[in-house]
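Since the structure comes first, as structure tokens, the remarks are kept for the end.
The values are calculated or read from the model by the stated rules, or taken from the named source; none is laboratory data. In this text, all values refer to a predicted model and were calculated from it rather than measured experimentally. Positions of Cβ are generated from backbone atoms using ideal geometry, with glycine treated the same way; all protein chains shown enter the neighbour counts.
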Amino acid sequence: MIFIMALYMLSILYFISLRSRIKFKIMTNPLYRLFGFAFLLLLNVTTYAQVQTEVPPPYNIKTVSFIQNGENVYPYFRLGEGFQLVFDDLFGNEANYYYSLQHCNYDWTPSSQLTVNDYIQGFDNQRIQNYNNSFNTLQIYSRYVLTLPNKFTTRILLTGNYILNILNEDHEVVFSRRFILYQDDVAVPLQVKRARGMDAIQQKHNMDFAVRTSAFNFQSPLQNVKVALFQNGRFDNAIYNVKPQYTIGNDLIYRYDKETQFWAGNEYLYFENKDVRVATNGVLRITAGEIYNTILYTNEARGSKPYTYFPDINGNFQVRNIANSVSDQNLESDYTWVFFKLSAPAFFDKKDIYVGGMFNNYAKTDEYKLEYNEKSRLYEKAIMIKQGFNNYMYITADKGGRVDGAAAVDGNYFQTENEYNIFVYYRENNERYDRVIGRGNANSENIIN
């Protein structure tokens, strides 16, 4: 930090000298040259240290999802496995879209020591050629399918964190998504337990896990081994930078009381509009307009109520149209305006509340932010969503979009069923990037004390 601040001060002096008309003999002074070098070095450091966050899609891009074996999946794939990224463009004008891949470090900064040729066999920055237009729908759209690997990007060579950028014709980023490639070089036994502290024993899930291998010996594991913990495929509440609590031989043990805990949340809410002609599960009524309107029942904040079990799919969704004449679900499923209403008077003017799920990648944008209606005294929002079956939740966040799990609208209950994944990153002393060498998976259905 001190080094960066020193570079910053030198760069300021350099910038001032550029703004003033300094005589040539001063500009050729060795100290001035040092300022210039500091400026360039600072520019390089700040460029490569920038965390690569996901760029949310614009209004016209909908239903972005990773697909594997025909199903929506979390963005985790074994190295060498094929997968797809799909999305709809509501403009329906067959616009040209391109893609690029960026390998990232554990902390989602670009892997500056790698070139594209290090982690891709073939090329990226290619046009997405697989797209089709909707038919028999009131809302037109073009559906794009990017398959990786493909004839241009014939192979992804390295494990690690990746940013997949979707670009327009001017090669500007339209939106981006994170995904993780991994190998099973180490075992990651994981057990979900109730929280250790009495203050959170009813509200949190604690991850008790280890990293084990007999194939090789870890070099400096406290510095070189890192882990990332995820709940239901979400990146917005992931846990990073947890070091091993202790080691037993070559095994790394993580048995923390607080550092590896998640707010348990509540079961996801859902609605089903596979048939836009009649109201079904979670739907109060459906009305016709330029496109269909799906009006949901008003949800009441569940945080002060006892836990109630009902099965969910942990935030996932399924595009579905059950009309008899449908031959292609992806192209003949329509979009509808879905009207959400939430009664949560205790949250008025305290936190921002968003509608989130895999259907929108838990985005904290104005498009999904609930608005308070003073007449009805309800939080309300209309969102255009593709018909089918959808899980969703209400997310409380601060003004910066950071999730506040403690203030969950629907409360936190240890009985909640969640899926957890842990990824192990490793960089040996002479390596240029963070490998992902193992994955642990567990479900809180099997929670123990």
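Looking at segment 400-414, which of the residues that are of a type outside the set (A, V, I, L, M) and in contact with a strand residue (DSSP E or B) (Cβ under 7 Å, 6 or more places away or on another chain) is farthest from Leu342 (Cα to Cα)?
Phe414
Consider Asn391 carefully, then state whether it is closer than 21 Å to Asn281 by Cα and buried (at least 23 other Cβ atoms within 10 Å of the Cβ).
No, not satisfied.
Could you name every one of the strands (runs of 3 or more DSSP E) located completely within segment 114-158 that has at least 1 residues being of a type in the set (S, T, N, Q) and in contact with a Cys (Cβ under 6 Å, 6 or more places away or on another chain)?
none
Taking segment 415-449 on its own, how many of its residues are touching a strand residue (DSSP E or B) at 6+ places or on another chain (Cβ under 8 Å) and either in a helix (DSSP H, G or I) or among the small types (Gly, Ala, Ser) (or both)?
5
Please find, among Phe235, Phe216, the residue that is aromatic (Phe, Trp, Tyr) and either within 30 Å of Glu332 (Cα to Cα) or at pLDDT 95 or above (or both).
That would be Phe235, the only listed residue that is aromatic (Phe, Trp, Tyr) and either within 30 Å of Glu332 (Cα to Cα) or at pLDDT 95 or above (or both).
Considering only residues of segment 241-276 that are farther than 30 Å from Gln415 by Cβ and free of Cβ contacts under 8 Å to residues at least 24 places away in the same chain, which is nearest to the chain's Cα centre (by Cα)?
Residue satisfying both the conditions and the ranking: Lys243.
Within segment 253-365, considering only strands (runs of 3 or more DSSP E) that don't extend past its boundaries, which have at least 2 residues that are under 30 Å from Phe209 (Cα atoms) and out of contact with any helix residue (DSSP H, G or I) (no Cβ under 6 Å at 6 or more places or on another chain)?
261-263
Between a first residue in segment 197-209 that is assigned by TED's automatic domain parsing to the domain that holds Arg255 and a second residue that is assigned to a loop (DSSP other than H, G, I, E, B) and basic (Lys, Arg), which pairs have beta carbons less than 8 Å apart while being 6 or more apart in sequence or on different chains?
Gly197/Lys258; Asn206/Arg196; Asp208/Arg255
For segment 162-181, state whether one or more residues are of a type outside the set (D, E, K, R), under 30 Å from Asn446 (Cβ atoms), at pLDDT below 95 and not assigned by TED's automatic domain parsing to the domain that holds Met358.
no
Scan segment 242-269 for residues that are at positive phi and modelled with pLDDT of 95 or more and jot them down.
Residue satisfying the conditions is Gly265 alone.
Tell me, which residue of segment 332-352 that is under 21 Å from Lys62 (Cβ atoms) and in contact with a strand residue (DSSP E or B) (Cβ under 6 Å, 6 or more places away or on another chain) is surrounded by the most Cβ atoms within 10 Å (Cβ to Cβ)?
Ser333
Which residues, taken from segment 193-219, are part of a loop (DSSP other than H, G, I, E, B) and either surrounded by 15 or more Cβ atoms within 10 Å (Cβ to Cβ) or acidic (Asp, Glu) (or both)?
Matches in segment 193-219: Ala195, Arg196, Asp199, Ala200, Gln202, Gln203, Thr213, Phe218.
Mind checking which pairs have a first residue in segment 99-127 that is assigned by TED's automatic domain parsing to the domain that holds Ser176 and a second that is surrounded by 18 or more Cβ atoms within 10 Å (Cβ to Cβ) and of a type in the set (Lys, Arg), Cβ under 6 Å, 6 or more apart or different chains?
Tyr106/Lys226
Working carefully through the options Ile422, Ile385, find the one that is within 21 Å of Arg234 (Cα to Cα), outside the structural domain of Asp312 (by TED's automatic domain parsing) and out of contact with any helix residue (DSSP H, G or I) (no Cβ under 7 Å at 6 or more places or on another chain).
Ile422
State yes or no: is Thr247 polar (S, T, N, Q) and either under 16 Å from Ala442 (Cβ atoms) or outside any loop (DSSP other than H, G, I, E, B) (or both)?
Yes: the conditions hold for Thr247.
Of all residues in segment 230-240, which are in contact (Cβ under 8 Å) with a residue 60 or more places away in the chain and crowded, with 16+ Cβ neighbours inside 10 Å?
Passing the criteria: Phe230, Gln231, Asn232, Gly233, Arg234, Phe235, Asp236, Asn237.
Inspect segment 60-75 for any residue being within 16 Å of the chain's Cα centre (by Cα) and among the small types (Gly, Ala, Ser) and give the result as yes or no.
Yes: one or more hits.
Is it the case that Val227 is within 20 Å of the chain's Cα centre (by Cα), in a loop (DSSP other than H, G, I, E, B), aliphatic (A, V, I, L, M) and surrounded by 15 or more Cβ atoms within 10 Å (Cβ to Cβ)?
No, not satisfied.
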